[in-house]
Each structure stands twice: as C-alpha cells, then as structure tokens.
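Student: Supplied in structure tokens, the structure appears directly below.
The values are calculated or read from the model by the stated rules, or taken from the named source; none is laboratory data. Here the structure is a predicted model, which means the values were calculated and not measured. Neighbour counts are summed over all protein chains in view; Cβ atoms, including those assigned to glycine, are modelled from backbone coordinates with ideal geometry. Each accessible area value is taken on the protein alone, full model and side chains, heavy atoms only, with ligands, DNA and RNA left out. Shrake-Rupley method; radii C 1.70, N 1.55, O 1.52, S 1.80 Å.
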Amino acid sequence: MLIVQKFGGTSVGDLQRIQNVANRVSKTRKEGHDVVVVVSAMSGETNKLVAYAEHFSKNPSRAEMDMLLSSGERVTASLLAIALQEMGHDAVAMTGRKAGIVTDDSHTKARIEDINPATMLESIEAGKIIVVAGFQGVNIAGDVTTLGRGGSDLSAVAIAGAIKADLCEIYTDVSGIFTTDPRIEPKAKKLEKISYDEMLELASMGAKVLQNRSVEMAKKLNVNLVTRTSFSDEEGTLITKEENIMEAPLVSGIALDRNQARISLMGVKDRPGIASEIFNKLADAEVNVDMIIQNKAHDGTTNIDFTVATGDLFDAKAVVDTFVDEGEIKADSYNEDICKVSVVGVGMKSHTGVAAKAFTTMAENNININMISTSEIKISMVINEKYAELAVRGLHDAYELDK
Ligand code: ADP
Ligand code: ASP
Ligand code: MG
C-alpha cells in the first residue's frame, strides 16, 4: 500500500517523540508499504513564533508571518528524515515547494490550487521515504505561504489525493474522533466511523482534531482518512462516505469554538445596499463572517451584529472604521468573551425537536443564548465564554452521547 502518515505537534513534541515517530514509520516501511510522512511543528512552536512577531507588531505583515511560521515544520521534517536515515532508511525531507504544493496568494490562510506530485512520485519510485514539512506551499511568485492554523492536516490529505494514496492516517494526541472534545467531557465516546459531512461540520464548528479544509478536501478527493493516536496501537476513527455508515445517529457530536468575536454595529443607516457594501468590504479584506443578525429598523437606522474568528478581528475593525468615519455607522463595539457551541448530526434532517432540546438545555443551566444559527445537520449557539464547558457537558448529557 501507499500510505500517508501525518504527525501533529504533540506527536513530534520533543526529540524522544520524534524518535518514536521514526520507529513507527520504519515499522510501516518494513511491513512493505510505501510511506509519505507529513509533519507539524513541535507543539507550542508555531505559537512561540507568533508571539515573537507580536513582540514587534500588533499586525505583522502576512507574507513575513508565512516565512516565519513555515520554519517550524521544516525543523521537524529535517530531524525526522535524519532519524530515519540513522536507522538505515533512504529518507528525504521536502519543503512544501519541493513537494509541488502551489497555493493562491492569501498569506497565512492560503488555499491549495494545485499539487504537482512528480518529484514525490520519483522519490517513491526510487524507494525513498519522503518527509514533507506540513502547513505550507508556495504561490506562483515563489513566496512561501501557509495554509491556516492546523493546516498540516490539509497538507496530508491533499498529498494523499495527489499521489493516490490508499490511506491517509492522521496521528494525534487522542485516539480518534470523539462525541465531543474528551478534554472537556471525559465521558465522551470514541466513534468507530463518522461521515465526511458530519466531520466537516464538527471541524468547521471548532473541533480542531481535524482542520476543516482537510475534511472538505478528503470528501472531494475521496481520501480514506483515519484519525488515531501516535502513543499506542489503538484503532482510530474512519472518516468515510455517509452510505458506509449503517445507522446514522440523531446527534453525533458537540463542538466548541472559543476563537469567536462578536462585532456590534449601532445606528447603521437603513438604506438599500448598505449591508452589501459592509460585507463585500469585509470579504475583500479576507474576513470570514459567520453569524449575522440585523434588527428591525427604527428612526432610519438599524443595528447589525455579526461574528468573526478572533484572528480576523483586527482586519474587521479596520473595515468597520471606514464606515464609521463616513458617518454610515454611528457606533461599534467588540466582544471577545464569547464562544460558539454546536450540536451536529445527520439524523437531524429527519427529526423534530432537536433544536428545542438544545435551547432547553441552555435554559436549565441558566445560560443566555446570544445568537443562533442552524443548518440541515447542525445547531449553533453563541454564548458567554465562561459557560463553554458547562454548555458542552450539558448538551452531551441531554443527547445521551455517553450511552
Ligand atoms: P495535532 O497537534 O495532532 O494536530 P490538535 O491539537 O490540532 O492535534 O487536535 C487534537 C485535539 O483536538 C485533541 O487533543 C482534543 O482536545 C481536540 N478535540 C476537539 N474536539 C474533538 C473531538 N470531537 N474528538 C477528538 N478530539 C477533539
Ligand atoms: N504548526 C501549525 C499550527 O500550529 C500547523 C499544524 O500544526 O497543523 O497551526
Ligand atoms: Mg491539528
């Protein structure tokens, strides 16, 4: 088989763990498989580099951030290749560029546009173990780009698709996909399988165990994806097509996203086109807007509230300021003490009362709901961040996910 194995930050967190990863890769190789390894930076490394940059600037240039952050993954890729060589393997470390990963120009959250796997395929043909630095590519101009936080998952899935790997294994610090973050709810249960769509909702709603774009890509390219732990041989969770799952549960999981901020625009001129102008300018600034609420107009003005990822807050503020300066918006305020909890499950499509149960659970725990949004297979609520854990555990209980 041709197998892609991706190791996350904790799995390569120190030199001993890198050696353990080398042992696992070596074992897979000796079992007769071709292996392409994708690695993250050592845990904490990317955050450390971000903090270094923030020492000099509140809003460091995105191109330089990419140059900086991509270095973390290069360290682990080279160290792992050296460890494998020392064990007698023919191993080669590659940057994103060498692996043929071409992205758009959107620094710090670039999208993969194309992968040219020729170099990787040549090395595989020559019997080498390839170790790719995850999280990065290059744009057409040759500048280093990164794929957004958690982006090594995307590197692994995209490479698996491009080289037509039989399997893509994501090794992390938990033994698979659970009904919710097991660090918040110890009663969370590991799922044997989960559909691409449910996993995509969980990941998009904040379950960082897989980066959401990696799941999107896995679905599109039909990649056989397994999440498992690098610390034991315990079996993981298969992420697969909905039809491969016998009985879809009503609710499969609860996700929490703490990286949310709420922006309130007060006294917005109530005229046709204003929302389009504000949200188009935000889109031009590459700000992803999530939930939006517009109140009924009063005295010719209205209030608009919306949420963005905290990482986009600085850029969002800059856009809002231009409207305030022009007198189109009277006042604005920002709240970072919020989080979003979401209930996800394909079974919701055909059942009623699922949302009502979520709201009842919040009521029973005395948690005020600020904003609500729903889709066919999810219900999301914005609440005060101090109730995050309480809400997750309450919902996990209410839907009996520990059963
Ligand atoms: P890595 O460094 O290996 O990429 P991450 O920290 O990005 O690992 O993701 C793994 C973490 O995701 C776990 O430690 C766990 O706390 C968290 N997590 C959140 N939701 C879930 C879930 N539903 N199932 C499993 N882990 C989850
Ligand atoms: N090192 C990067 C991050 O911390 C990418 C990754 O780990 O997937 O976000
Ligand atoms: Mg991750």
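Student: Run the numbers on segment 251-339 and let me know its relative contact order in percent, using alpha-carbon pairs under 8 Å that are six or more apart.
Tutor: Contact order relative to length: 46 percent.
Student: State to the nearest 20 debye the size of the charge dipole of segment 292-403 about its Cα centre, where the only charges are +1 on K and R beta carbons and -1 on D and E beta carbons.
Tutor: Roughly 640 debye, rounded to the nearest 20.
Student: Determine the distance separating the Cα centre of segment 229-306 from the Cα centre of segment 8-26; give it in Å without decimals.
Tutor: Going from one Cα centre to the other spans 35 Å.
Student: Then there is this: Once every DSSP H run of n ≥ 4 in the chain is given -39500 (n - 2.57) and the sum is divided by its residues, what mean residue ellipticity at 222 nm do you get, rounded to the nearest 500 deg cm²/dmol?
Tutor: Estimated from H runs of four or more residues: -10500 deg cm²/dmol.
Student: When you take every Cα atom in the chain, what is the radius of gyration, and what is Dmax, the widest Cα pair distance, in Å?
Tutor: Cα only, the chain: 22.4, 77 Å (Rg, Dmax).
Student: Number of Lys pairs in segment 140-253 with C-alpha atoms less than 16 angstrom apart, excluding same-chain neighbours closer than eight positions?
Tutor: The number of close lysine pairs in segment 140-253 is 7.
Student: Determine the share of segment 237-351's accessible area contributed by carbon and sulfur atoms, expressed in whole percent, with a 1.4 angstrom probe.
Tutor: 48
Student: So what is the accessible area of the chain per residue, in Å², with the probe set to 1.4 Å?
Tutor: With all protein chains present, the chain gives 46 Å² per residue.
Student: Cα extents of segment 348-395 along the three principal axes, largest first, in whole Å?
Tutor: If we take the Cα atoms of segment 348-395, the spans are 32, 17, 14 Å.
Student: Once you keep just the Cα pairs under 8 angstrom separated by 6 or more residues, what percentage relative contact order results for segment 176-266?
Tutor: Reported relative contact order: 36 percent.
Student: Can you tell which of I329, L200, I372 lies farthest toward the positive end of the dipole of the chain, using +1 and -1 charges on the Cβ of basic and acidic side chains (Lys, Arg; Asp, Glu)?
Tutor: Working it through, the farthest residue towards the positive pole turns out to be L200.
Student: Which residue, M246, V287, P272, has the largest displacement toward the positive end of the dipole of segment 224-322 when charges sit on each Cβ (Lys, Arg +1; Asp, Glu -1)?
Tutor: It is P272.
Student: What percent do you get for the relative contact order of the chain when only Cα pairs under 8 Å and 6+ apart count?
Tutor: Normalised by residue count, the contact order of the chain is 14 percent.
Student: Using a 1.4 angstrom probe and counting only protein chains, how large is the accessible area of E54 in Å², to 10?
Tutor: My reading of the accessible area for E54 is about 110 Å².
Student: For segment 201-277, what is the charge dipole size about the Cα centre, in debye to the nearest 20, if Lys and Arg each add +1 at the Cβ and Asp and Glu each add -1 at the Cβ?
Tutor: 500
Student: What percentage of the solvent-accessible surface of segment 15-122, computed with a 1.4 Å probe over protein heavy atoms, is contributed by carbon and sulfur atoms?
Tutor: Reported share for carbon and sulfur atoms: 51 percent.
Student: Using each residue's phi in segment 128-139, evaluate 6.51 cos²θ - 1.76 cosθ + 1.60 at θ = phi - 60° and report the 3J(HN,Hα) Karplus result to the nearest Hz, with x for Gly and Pro.
Tutor: With the stated coefficients, segment 128-139 comes to 8, 8, 9, 10, 9, 6, x, 6, 9, x, 9, 7 Hz.
Student: Quick one: dipole size for the chain, taken about the Cα centre, charges +1 on Lys/Arg Cβ and -1 on Asp/Glu Cβ, in debye to the nearest 20.
Tutor: In debye, rounded to 20, the chain gives about 600.
Student: While we're looking at this one, here's another question. Using the charge dipole of the chain (Lys, Arg: +1 at Cβ; Asp, Glu: -1 at Cβ; taken about the Cα centre), state which of A156, L15, M65 has its Cα farthest towards the positive end.
Tutor: So the residue we want is L15.
Student: Going highest first, how would you order 235-241, 2-8 by mean Cβ packing within 10 Å?
Tutor: 2-8, 235-241
Student: Using a simple spin-label model with points 7 Å from Cα along the Cα→Cβ vector, what separation in nm is obtained for N224 and R183?
Tutor: Between N224 and R183, the label points sit 3.1 nm apart.
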